[in-house]
Structure formats: C-alpha cells, structure tokens
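Since the structure comes first, as structure tokens, the remarks are kept for the end.
The values are calculated or read from the model by the stated rules, or taken from the named source; none is laboratory data. Small disclaimer: the values here were computed from a predicted structure and weren't measured. Cβ coordinates were reconstructed from backbone atoms using ideal geometry, including for glycine residues, and neighbour counts include every protein chain displayed.
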Amino acid sequence: MELTSKQRAQLRGLANTIDTILQVGKDGLGENLIKQADDALEARELIKGRVLDNNIEYDARTAAQELAAATRSEVVQVIGTKFVLYRESHSKPRDKRIQLVKPAKKKPV
C-alpha cells in the first residue's frame, strides 16, 4: 500500500511525539534488528529509528529503505540520522489502530 502525501503528513505529526526505539549500530541490519523492527511495527504500527555515528555502511535513507523492504512497511520520513516507518497492524483491534485519512477519489476529466 502506497501512502498518499496527506497520510504521510498525518503520520509525521504522530511521529513527533514518539521515542526512538530502533538503533542501527556498527553491526548494520542484522536478523535481530529486523525481527525487533517487525515485532515493534506489529505492536505499535509507527516506529522511529536512528542510524548511529559508528555505522559507516548505512546512511539513514538507505537503512530505512532496506528495513522497510525487509519488514513490508513504508518509509514515512527521513531527517538527518533518524527515520520513521509505518505498517498497519493486523493483530490489534480495528478501533485501536491508527486511522489514516482516506485518499481522495480522482475526479473524472
């Protein structure tokens, strides 16, 4: 599912208040980090990560894109060394999930 710009803006606003829970260190994107990100996305839907200075292999954008591909999530935002990922949870009840704004229907020409 591709996010619209309004949905990204909504998620960026929600991400301002959350803490960074993932840190990509010198070991890079290992199986443990991917598993941790996958579990966090299922529980929270929206997570914030950071690439530490001692990581010479990844910048924040590359790490976010590879982590998003590995966890089937969407990159919401990348600023400096921080990034935000989103994936709709399937284990949470519908009323507890993040309710994204609906995409506008395209007008016929």
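In the set (1) crowded, with 18+ Cβ neighbours inside 10 Å; (2) over 9 Å from the mean Cα position of the chain (by Cα), the condition left unmet by residue 72 is number (1). When 38, 95 are checked against the criterion of being of a type in the set (Asp, Glu) and touching a residue at least 12 places away in the same chain (Cβ under 8 Å), 38 stands alone in meeting it. Considering only residues in the stretch 82-94 that are surrounded by fewer than 18 Cβ atoms within 10 Å (Cβ to Cβ) and assigned to a loop (DSSP other than H, G, I, E, B), the one that is modelled with the highest pLDDT turns out to be 88. Just to verify a result, which residue in the stretch 1-48, among those that are acidic (Asp, Glu) and closer than 16 Å to residue 87 by Cα, is surrounded by the most Cβ atoms within 10 Å (Cβ to Cβ)? Here the residue is 45. Taking (1) surrounded by fewer than 17 Cβ atoms within 10 Å (Cβ to Cβ); (2) under 14 Å from residue 20 (Cα atoms) in turn, residue 60 satisfies each apart from (1).
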